[in-house]
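Peer 1: Take a look at this one; I'll ask things after.
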Amino acid sequence: MVLKAFLSRRSPEKKKNLERFLPDSERLRLEELPSFPEEVTPEGFSNRTILEQVHWSWLLPTLKTYSEQEQNLFLSAIAIQIPQTARSLAHALQIPEPNETREMNEAARSFLRGILSNSLIGPKDRLLPIDYLPPTPLKPLLWLSKKELTRLIDLLSMHDLAAELRQIVETKILKKIYSLLSEEERKFLKTATSRKEAFSLPRLGLERWDGSEESLRLLLHRRGLARFGTALSGQDPDFIWYICHRLDIGRGNTLFKLCSKEESSPEIAETIIQQIEEIVNTLNL
C-alpha cells in the first residue's frame, strides 16, 4: 500500500516505467489494493500516536515484566500525553501515580514509549495510520471509547434477543426479561422484533438462564460480541486491530478470535453492519 501511494504521486509515464520492474503478480496486487483516501505524507505515516489509540489494559502484560522502579519510569514517560492511561495503569499495578512533572528528556521518553509501542505491534511490524485505512462504513467506530463500544455491543445483542423471544411463550419469563432491560435496550429490542432477519445465527441459549440479571447480561454481551465479530470479519486487518485495542484486553482478544474464524457470508456481515450504523446514528455516537 505504501508502494501504491508512492507510485500514485508519479506522472503516468514515470509510474508505468517503475511498474515494469515488478513481477506480474506484484503488479496485479497493486491493482487490487484500494487507494488511500487522501495523499500520504511522511509525517502522517507513522505509529507515533499508537499508545493513545489503545485501552490501557493492553500495556499491563509488558509492564508487569519490569521492576516497580522501571514501571514508574514507563508511566512517567506517557503521563504527559495520556495521563488517564498512566493513572489507570498505576492503580492496576498498585504503585504510586506517576509524577507528570518528573524531569525526563525527550530521548528517554521516546525510547520508553517505543518499547511499549513495540510490545503492541512488534518491533518490525507497522499499522496503517487511521487516516489511511481503506474506506468502510464502520470507520466512525474508531473514535468511540471503550465504554461506547461496549454499549454498542450490548445494544447489538437485542437482535439476538428478539429472535429468542419469538420462541418463548411463557408470559412470566418474558416479563422478567423485559424488567431487567434498560429503557434504551427495550426501545432497540422493539425495533429488532419488528424486523425478522433473513438469516439465522446460533441461539442465544436462554434455556440455560438461571433467572439472574448478571447471567442475562453475560449471555447478551457474549452474543453481541459474536455478532460484532461477524460484522468485522471481512474488514481490513489493521481496522480490526484498532477496534479490538479500543476495548479492554479481555474483550479485545475474544473479538480477535471471533474475527479470525471462517469469514461469514458478505450478506450477513452487511446486514449487521447496517444494524451497527443504525445504533451509532440513533445514539449520535
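Peer 1: Nearest 20 debye, what's the magnitude of the dipole of the chain about its Cα centre given +1 on Lys and Arg Cβ and -1 on Asp and Glu Cβ?
Peer 2: Using Cβ point charges on Lys, Arg, Asp and Glu, the chain gives about 280 debye.
Peer 1: Same structure, new question: Summing -39500 (n - 2.57) over the DSSP H runs of n ≥ 4 in the chain and dividing by its residue number, what mean residue ellipticity at 222 nm do you reach, to the nearest 500 deg cm²/dmol?
Peer 2: Taking each H run of at least 4 residues, the total per residue is -18000 deg cm²/dmol.
Peer 1: In cubic angstrom, how much convex hull volume per residue do the alpha carbon atoms of the chain span?
Peer 2: 179 Å³
Peer 1: Moving to a separate point now. Would you please name the trypsin sites (Lys or Arg not before Pro) within region 114-212 that are DSSP coil residues with at most 11 other C-beta atoms within 10 Å of their C-beta?
Peer 2: Working: sites: LYS124, ARG126, LYS146, LYS147, ARG151, ARG166, LYS172, LYS175, LYS176, ARG186, LYS187, LYS190, ARG195, LYS196, ARG203, ARG208; in loops: LYS124, ARG126, ARG166, ARG195, LYS196, ARG203.
Here the trypsin sites (Lys or Arg not before Pro) that fit, given the DSSP loop and packing criteria, are LYS124, ARG166, ARG195, LYS196.
Peer 1: Run the simple label-point estimate for ASP236 and GLU19 please: 7 Å along Cα→C-beta, distance reported in nm.
Peer 2: 2.0 nm
Peer 1: Within region 173-235, report the GluC sites (Glu not before Pro) that DSSP leaves as loop and that have at most 16 other Cβ atoms within 10 Å.
Peer 2: Within region 173-235, the qualifying GluC sites (Glu not before Pro) (loop, at most 16 other Cβ atoms within 10 Å) are GLU197.
Peer 1: Additional query: Picking from PHE228, PHE111, PHE239, which is most flexible by a Gaussian network model of the chain using Cα springs under 10 Å?
Peer 2: Top of the fluctuation ranking is PHE111.
Peer 1: What FRET efficiency would be calculated for the residue pair LYS147, LYS4, taking the C-beta separation as r and a Förster radius of 51 Å, to the nearest 0.05?
Peer 2: Efficiency for this residue pair is about 0.90.
Peer 1: Scattering from the C-alpha atoms of region 139-283 alone, worked out with Debye: what is log10 I(q)/I(0) at q = 0.13, 0.16, 0.19, 0.21 1/Å?
Peer 2: Taken in order of the listed q values, log10 I(q)/I(0) reads -0.56, -0.85, -1.20, -1.44.
Peer 1: Next up: What is the packing order of peptides 27-35, 136-144, 272-280, 241-249, taking the mean over residues of other C-beta atoms within 10 Å and listing the highest first?
Peer 2: Order by mean packing, descending: 241-249, 272-280, 136-144, 27-35.
Peer 1: Roughly what would the spin-label model give for ASN284 and ARG195, points 7 Å off Cα along C-beta, in nm?
Peer 2: Each label point is offset 7 Å from its Cα along the Cβ direction, giving 2.2 nm.
Peer 1: To the nearest Å, what is the center-to-center distance of region 130-165 and region 52-106, using C-alpha atoms only?
Peer 2: Centre-to-centre distance over Cα atoms comes out at 29 Å.
Peer 1: Extending each Cα 7 Å along its Cβ direction at GLU214 and LYS261, get the distance between those two points in nm, one decimal.
Peer 2: For GLU214 paired with LYS261, the spin-label model returns 2.6 nm.
Each value in this text was obtained by applying a stated rule to the coordinates, not by laboratory testing. Note that this is a predicted model, so its numbers are computed, not measured. FYI the Cβ positions are ideal-geometry reconstructions off the backbone, even for glycines, and counts take in every protein chain you see.
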